Ligand SMILES: NC(=O)c1ccc[n+]([C@@H]2O[C@H](COP(=O)([O-])OP(=O)(O)OC[C@H]3O[C@@H](n4cnc5c(N)ncnc54)[C@H](OP(=O)(O)O)[C@@H]3O)[C@@H](O)[C@H]2O)c1
C-alpha cells in the first residue's frame, strides 16, 4: 500500500492534501494539535474513501515534543512511506520592536525546525526502501518581501534553502523533493494575525492540494507555483 504523512492536516492546505491523497488511495497518517478536527477528518475520509487513516497529536512549536514518535508509530502501523508533506505552519505579522524571543522560537520551531527533525527521522525509512517524495509547503514570500512579515519570511526562506540543498543530497537515493510556493490562500492562517488589511485574491486550499498531487504523480523534483502569475512574480523578485 502507498502511504503518506502530512503535518498540519487539521485544516487548510494540509487537510485539502489529505483528501486529495485519500482519493488516490493513499493510507494516511495526519499530524496536528486539534484532536476534534483530526478525528472528524479521519472518520470522514474512512467513510468516503475506504482507506486507512490515523492521526497523532503532536505540538510542533517547541523542542520538548516527541518528534521521533512519528517514525516509531509509522513503522509499527504502515508499510512503505511514499510521501512526507511538511505543511504545518503559522504566520506572524508585526513590527520588529514588538518581536519577542518566544515568537521567534515558536515560528522557527513550527515552520522549520520541526520539519527538519521529522524529515531527518523519516528519510531513513525512504533511503532503506529506495524511494520517496518530500513535499514542502513553503510560500511565495520566500521570494517576495512584504513589510512587517519579516519573521515569517525568514522561516520560509530558510525552509526553501534547507530543502533545495537536501534535494541534491538525496537525489541518488531516489528521494524527490517538491517545494510548493502558495500565495495568499483561504484558510485559518490569517485568523489570529490581526492584519489591518485583507489580501485581495485568495486561492482555495483545494486548488493548492490538486496542484501538489499533480506534481507528486510526476515523481520528479519540482518547484511548484500555483499560477503562472506567481511564477512571474518569483522571476521578477530579484528586483525587489
Ligand atoms: N494561507 C496562506 O495564505 C498561505 C500562503 C502560503 C503558504 N502557506 C503555508 O501553508 C501551510 C498551511 O497553512 P494553512 O494556510 O493551511 O493554514 P491553517 O489552516 O492555519 O493550517 C495550519 C495547520 O498547521 C497546524 N499547526 C499549526 N501550529 C502547529 C503546532 N504547533 N503543532 C502542530 N501543528 C500545528 C494546524 O493544526 P493545529 O492548529 O490543529 O495544530 C493546521 O493544521 C503553512 O506552512 C503556511 O505557512 C499558507
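Looking only at the range 166-179, decide whether some residue is crowded, with 19+ Cβ neighbours inside 10 Å, at pLDDT 95 or above and either within 12 Å of the ligand (Cβ to nearest atom) or closer than 19 Å to residue 16 by Cα (or both). Even if it seems obvious, please write down each step before you answer.
Taking the range 166-179 and keeping what is crowded, with 19+ Cβ neighbours inside 10 Å, we get 167, 170, 175-179.
This time we only want the ones that are at pLDDT 95 or above, so: 167, 170, 175-179.
Then drop every residue that is not either within 12 Å of the ligand (Cβ to nearest atom) or closer than 19 Å to residue 16 by Cα (or both), which leaves 178-179.
Yes, there is a match, as at least one residue in the range 166-179 is crowded, with 19+ Cβ neighbours inside 10 Å, at pLDDT 95 or above and either within 12 Å of the ligand (Cβ to nearest atom) or closer than 19 Å to residue 16 by Cα (or both).
Given the range 30-149, what helices (runs of 4 or more DSSP H) lie entirely inside it while holding 3 or more residues that are in contact with a helix residue (DSSP H, G or I) (Cβ under 9 Å, 6 or more places away or on another chain) and either more than 14 Å from the ligand (Cβ to nearest atom) or closer than 26 Å to residue 217 by Cα (or both)? So that I can check it myself, show each step before the final result.
Details: elements: 35-49, 69-77, 101-108, 114-129.
Ranges flagged: 35-49, 69-77, 114-129.
Could you go through the range 151-173 and let me know if any residue there is in a loop (DSSP other than H, G, I, E, B) and in contact (Cβ under 8 Å) with a residue 40 or more places away in the chain.
Here is the first cut: in the range 151-173, the residues in a loop (DSSP other than H, G, I, E, B) are none.
Scanning the range 151-173 turns up no residue that is in a loop (DSSP other than H, G, I, E, B) and in contact (Cβ under 8 Å) with a residue 40 or more places away in the chain.
Go through (1) in a helix (DSSP H, G or I); (2) touching a residue at least 12 places away in the same chain (Cβ under 8 Å); (3) in contact with a strand residue (DSSP E or B) (Cβ under 9 Å, 6 or more places away or on another chain) for residue 176 and report which single condition fails.
Here residue 176 clears every test but (1).
Quick one: what pairs do we get from the range 180-206, first residue farther than 30 Å from residue 220 by Cβ, second in a loop (DSSP other than H, G, I, E, B) and more than 10 Å from the ligand (Cβ to nearest atom), C-beta under 6 Å, 6+ apart or different chains?
These pairs meet every condition: 193/93; 195/93.
The values are calculated or read from the model by the stated rules, or taken from the named source; none is laboratory data. Bear in mind the structure is a predicted one, so any value in this text is a computation, not a measurement. Cβ: placed from backbone, ideal geometry, glycine included. Neighbour counts: every protein chain shown.
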